[in-house]
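The values are calculated or read from the model by the stated rules, or taken from the named source; none is laboratory data. The structure displayed is predicted, hence computed values, not measured ones. All Cβ positions, glycine included, derive from the backbone under ideal geometry; neighbour counts span all protein chains shown.
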Number of protein chains: 2
Amino acid sequence: MIGEIIAIGDELISGRTENTTSVFAARHLFAAGHDIYAMHTIGDNPPLIGEVLKRALKRVDFILVTGGLGSTTDDLTTEAVAEALDRAPVLYPEILERIRKHLGGNQQANNLEKMAWLPEGAEILNKKAKMAGYLLVHDSVPVFFLPGVPYQMRELLLEHVLPKLAGWSGNHHRVKQRTYKTFGLPETVINQRLLELEKRESIHIGYYPVGCEVHVSLTVLEENRQAAEEKFIAADHAITQALGDFLYGTDQDTMASVVGDLLRSRHKMLSVAESCTGGMIGKRITEVAGSSSWFAGGAIAYSNQLKEILLDVDHQLLNNYGAVSEQVARAMAARLANKVKSDISVSVTGIAGPDGGSEEKPVGTVYIGLYHDNQVSVRLYHFSGNREQIRNSTTCTALDTIRRAMMTH
Amino acid sequence: MIGEIIAIGDELISGRTENTTSVFAARHLFAAGHDIYAMHTIGDNPPLIGEVLKRALKRVDFILVTGGLGSTTDDLTTEAVAEALDRAPVLYPEILERIRKHLGGNQQANNLEKMAWLPEGAEILNKKAKMAGYLLVHDSVPVFFLPGVPYQMRELLLEHVLPKLAGWSGNHHRVKQRTYKTFGLPETVINQRLLELEKRESIHIGYYPVGCEVHVSLTVLEENRQAAEEKFIAADHAITQALGDFLYGTDQDTMASVVGDLLRSRHKMLSVAESCTGGMIGKRITEVAGSSSWFAGGAIAYSNQLKEILLDVDHQLLNNYGAVSEQVARAMAARLANKVKSDISVSVTGIAGPDGGSEEKPVGTVYIGLYHDNQVSVRLYHFSGNREQIRNSTTCTALDTIRRAMMTH
């Protein structure tokens, strides 16, 4: 199906806030086999919202509208839609009840009750969500209204809009999809490796850099169910071969969840000793629900003093080689593992910048240590980019170091 | 002046490439006193390029078009414009000469010569640039055509488009802007407090939830310079009063950078003892460049064992009260501060879910401890949402706890 995306919000047209939701939606719609005809970003301007919406209704098969659904005075999407499409706002008691329940008789309710009024004919997408979102079918065109808050919008898009759209097209097409998640190969190299596959009929390949990873999407569009299955299996095999051990997982996997699965199945406990990342590795790991069964914790040894006090790194070692050195990375990993009795310990120490670099150890110099099976190995990296990028690369590489160590055991 | 921005490129509508140029342009045009009416992103699709352009010509005072000016077969902007506005392409010898000189007789020139053909009446913006860009005045509306390559587009925008527009409009508007960053007040309450201010002439207020914070933007649009200054000062005062100590900073400030400024000016060192946040507080803090001057580090005491080993929390205490308890939060903060000799220490222990909750201590139960001036205080919170939201709320609240402690000292 062909669609348009309309993002609404004064903060978007002033350039104050980057419109990440439209890009996210475009990627996922495209990967699901839809084409995007146009994306519009407009302010909280009811006449223009109406105008853009009405023109899109004539041009495309579906429309996605994000933003302007909240409770504040500058949230005007529903009013604009009611006016433009001649659908008077109707009170939805189930939303009202949820809001009242949530507030427990608080006076602010008056304000929030605005969110319980939707254009006539609106179908609520997720009755349990804080911001429900709704679907309005106008002139046979499905128009999805989603909140502008990125995480709310993403959840509704993935769990409600995409399935509904898949049903809409009357299943003319059989769609099979998978996302392949890689770390360590540049996007251009992956692209080269999959060029031949791209040419196959019914196969769509997408490439998406996400942080320090590259994700590859495979979509097979086929009318015939069996043909779809066969083409999917063949393409899946080709991709898996092409990506090798740079492929760490698929779909809902994260690098941390994959590391966790590997550790749990091997009954190993992990600990971390972080300097320049300051807690990022621990944060990433503990995003995984249930990580306490394979992650003990560790130290944020940001200052030299804490490297000594919490990790028992020798004062002499720090003095002789400096905190950013192979020797200190080695000591951090080994001493922590020894102290907390973990099976595996990863350490990072480096210069994230913008200051602190020298000719010998420029900004981006990072040592990553790994204690495992009573042995410690340390690797030196030179990451590029700003402070955030260097810290991010360090975190991804540290997690991948654990993954690769577990895969060979 | 009021304008529209049109970004052209198939890579943009598939979501493969993020459209950073439109945001960049919007920011700079807005800061220069212009209003953006709408931003469109469309593919390399000549009929649609023509349609969107013609509609914009009727609506606004100026138009910025980016992308599709290159030499490859999918660069179709100039053809589309020639067709839509009935301006046959004309050969611009100065561009052709520059291209030929640049290539030195290379055969690719045939391909690149396409770039020397511009719509009739086009005025070249920068004859020396690799991608010149051009201005077309149609029906008295200036339409700027810029390359889609970000750095080329930015240079032409700043050095050619903005000065030309300033001459065009005669600086009708003076703009003053500020963003106010708050934590702890719901968006609806802030909205209520600023309702009166919203009604003042020339004042624009926007509300933006960002993670667990709410940001408020103030924009003053005025023809007269002095009036703009006066209204801005009055509005700034009103907002500052209305937000009270929920306002933690403005513009480029982050909660962590403000905490850092407070600690540095008081010559205090901070340490953190994180359980359920697993490193998030440390991550947030160390995002601030130079944080090593006020942040020592701390412990990710995720398991009970690590609370004992790294933080010297009594085994008995953990046994008697459980890891998520006032007693353990108290011990974590006090023992860490004592161990690493920091002036201030913050501790968090809680149940982030989805598992681990009980009737007595449901998911969302979090204790935050603060050691400061030889005293420890602990507060109990009940955060709502999923694992990510609970951890995020915990992190924000922990940082705000430090901020508030420093403000009263």
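Laid out as a table, the results:
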| read-out | value |
| --- | --- |
| Candidate set from the range B:290-300 (those that are free of Cβ contacts under 8 Å to residues at least 40 places away in the same chain and crowded, with 20+ Cβ neighbours inside 10 Å); member that is farthest from the other protein chains (Cβ to nearest Cβ) | B:W294 |
| Pair list, Cβ under 8 Å, 6 or more apart: the range A:372-391 residue on the phi > 0 side of the Ramachandran plot, other residue modelled with pLDDT under 95 | A:D373/A:H409 |
| Count of residues meeting criterion [part of a helix (DSSP H, G or I) and either in contact (Cβ under 8 Å) with a residue 40 or more places away in the chain or touching a strand residue (DSSP E or B) at 6+ places or on another chain (Cβ under 7 Å) (or both)] in the range B:252-284 | 10 |
| Cβ-Cβ under 7 Å pairs, at least 6 apart or on other chains, the range A:341-367 side under 12 Å from A:V328 (Cβ atoms) and at pLDDT 95 or above, far side of a type in the set (S, T, N, Q) and in a strand (DSSP E or B) | A:G350/A:T365; A:Y367/A:T349 |
| Subset of the range B:221-239 (residues that are out of contact with any Lys or Arg (no Cβ under 6 Å at 6 or more places or on another chain) and part of a helix (DSSP H, G or I)) | B:Q226, B:A227, B:E229, B:E230, B:K231, B:I233, B:A234, B:A235, B:D236, B:H237, B:A238, B:I239 |
| Residue in the range B:115-135 that is touching a strand residue (DSSP E or B) at 6+ places or on another chain (Cβ under 9 Å) and under 29 Å from B:D251 (Cβ atoms) present | no |
| Checklist (1) in contact (Cβ under 8 Å) with a residue 40 or more places away in the chain; (2) within 30 Å of B:H28 (Cα to Cα); (3) facing chain B (nearest Cβ under 9 Å) applied to A:I63, failing item | (3) |
| Meets criteria (under 29 Å from B:E187 (Cβ atoms), part of a helix (DSSP H, G or I) and either in contact (Cβ under 8 Å) with a residue 24 or more places away in the chain or more than 11 Å from every other protein chain (Cβ to nearest Cβ) (or both)) for B:A242 | yes |
| Selection from the range B:196-210 of residues that are over 21 Å from B:H34 (Cβ atoms) and out of contact with any Ser or Thr (no Cβ under 9 Å at 6 or more places or on another chain) | B:E196, B:L197, B:K199, B:R200, B:P209 |
| Restricting the range B:140-195 to residues that are of a type in the set (A, V, I, L, M, F, W, C) and at pLDDT below 85, the residue that is farthest from B:Y248 (Cα to Cα) | B:W168 |
| A:P163 being in contact with an Asp or Glu (Cβ under 6 Å, 6 or more places away or on another chain), under 29 Å from A:V65 (Cβ atoms) and surrounded by fewer than 17 Cβ atoms within 10 Å (Cβ to Cβ) | no |
| Given (1) free of Cβ contacts under 8 Å to residues at least 40 places away in the same chain; (2) closer than 16 Å to A:L48 by Cα; (3) more than 9 Å from chain A (Cβ to nearest Cβ); (4) buried (at least 19 other Cβ atoms within 10 Å of the Cβ), index of the condition B:G3 fails | (1) |
| Residue in the range A:19-41 that is facing another protein chain (nearest Cβ under 8 Å), touching a residue at least 40 places away in the same chain (Cβ under 8 Å), touching a Leu at 6+ places or on another chain (Cβ under 7 Å) and under 22 Å from B:A26 (Cα atoms) present | yes |
| Unique residue being of a type in the set (S, T, N, Q), buried (at least 16 other Cβ atoms within 10 Å of the Cβ) and out of contact with any helix residue (DSSP H, G or I) (no Cβ under 7 Å at 6 or more places or on another chain) when the list is B:T349, B:T394 | B:T394 |
| Any hit, the range B:301-308, residues being surrounded by fewer than 23 Cβ atoms within 10 Å (Cβ to Cβ), more than 24 Å from B:G211 (Cα to Cα), out of contact with any Lys or Arg (no Cβ under 7 Å at 6 or more places or on another chain) and more than 7 Å from chain A (Cβ to nearest Cβ) | yes |
| Residue list for the range A:280-289, restricted to those being in contact with a Phe, Trp or Tyr (Cβ under 9 Å, 6 or more places away or on another chain) and within 8 Å of chain B (Cβ to nearest Cβ) | A:G282, A:I285, A:T286 |
| Yes/no for A:E213 being of a type outside the set (S, T, Y), farther than 20 Å from A:G184 by Cα and outside the structural domain of A:N392 (by TED's automatic domain parsing) | no |
| Selection status of B:L91, more than 13 Å from every other protein chain (Cβ to nearest Cβ) and in contact with a Pro (Cβ under 6 Å, 6 or more places away or on another chain) | no |
| Qualifying residues in the range B:189-220 (those that are among the aliphatic types (A, V, I, L, M), facing another protein chain (nearest Cβ under 9 Å) and in a strand (DSSP E or B)) - the one nearest to A:T72 (Cα to Cα) | B:I205 |
| The one condition in (1) farther than 19 Å from A:R27 by Cα; (2) not assigned by TED's automatic domain parsing to the domain that holds A:N19 that A:S140 fails to fulfil | (2) |
| Yes/no for A:R379 being under 22 Å from A:L262 (Cβ atoms) and out of contact with any Asp or Glu (no Cβ under 8 Å at 6 or more places or on another chain) | yes |
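For every residue, the table says whether it meets (1) within 14 Å of another protein chain (Cβ to nearest Cβ); (2) crowded, with 21+ Cβ neighbours inside 10 Å; (3) basic (K, R).
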| position | (1), (2), (3) |
| --- | --- |
| A:E222 | no, no, no |
| A:M255 | no, yes, no |
| A:R264 | no, no, yes |
| A:L311 | yes, yes, no |
